[in-house]
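Each remark here refers to the structure printed beneath this line.
Just so it is clear, none of the values below were taken in a lab; they were calculated from the coordinates. For clarity, every value in this text was computed on a predicted model and none was experimentally measured.
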């Protein structure tokens with residue numbers, strides 16, 4: 001399956017290792033991460049200011065990736081305007097959505113949009129390195145064709 005993997009870029013990279021782990025697990029399962037070069041190992045992207053024309057191109061490109069993906073998976077431990085926007089677009093496109101928040105944050109306040117939704121194709125889960133593979137397998141199995 002083609003998977004749109006999202007995670008905070010400009011908002012902070014504290015969970016970048018987790019995003020890489022998620023990406024690696026999904027690829028080992030045989031899936032294609034259409035956003036890999038964008039969301040994994042991209043610290044340089046957070047430091048450079050881009051012209052408006054480049055930023056418009058990025059939005060157009062990413063929305064095209066999203067339209068052509070089978071699933072939307074996002075690491076949402078760090079607040080991100082971009083990931084929230086992508087999440088909403090995925091819902092409008094009727095994509096299955098998995099939102100993942102690191103287990104170290106279970107006692108921290110988080111957005112009601114993570115688990116207060118009524119969208120029937122949206123799953124939310126806390127994860128850690130011990131359970132992430134099982135969470136991903138369960139989610140993907142639910143939507144495999």
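The candidate values are (1) 14.4, 42; (2) 37.3, 118; (3) 17.2, 58; the one derived from this structure for Rg and Dmax of the Cα atoms in Å carries the label (1). Computed over the chain, the per-residue total of -39500 (n - 2.57) for DSSP H runs of n ≥ 4 gives a 222 nm mean residue ellipticity of -13000 deg cm²/dmol, rounded to 500.
Taking every C-alpha pair closer than 8 Å and separated by at least 6 residues, the mean separation divided by the residue count of the chain gives a relative contact order of 27 percent.
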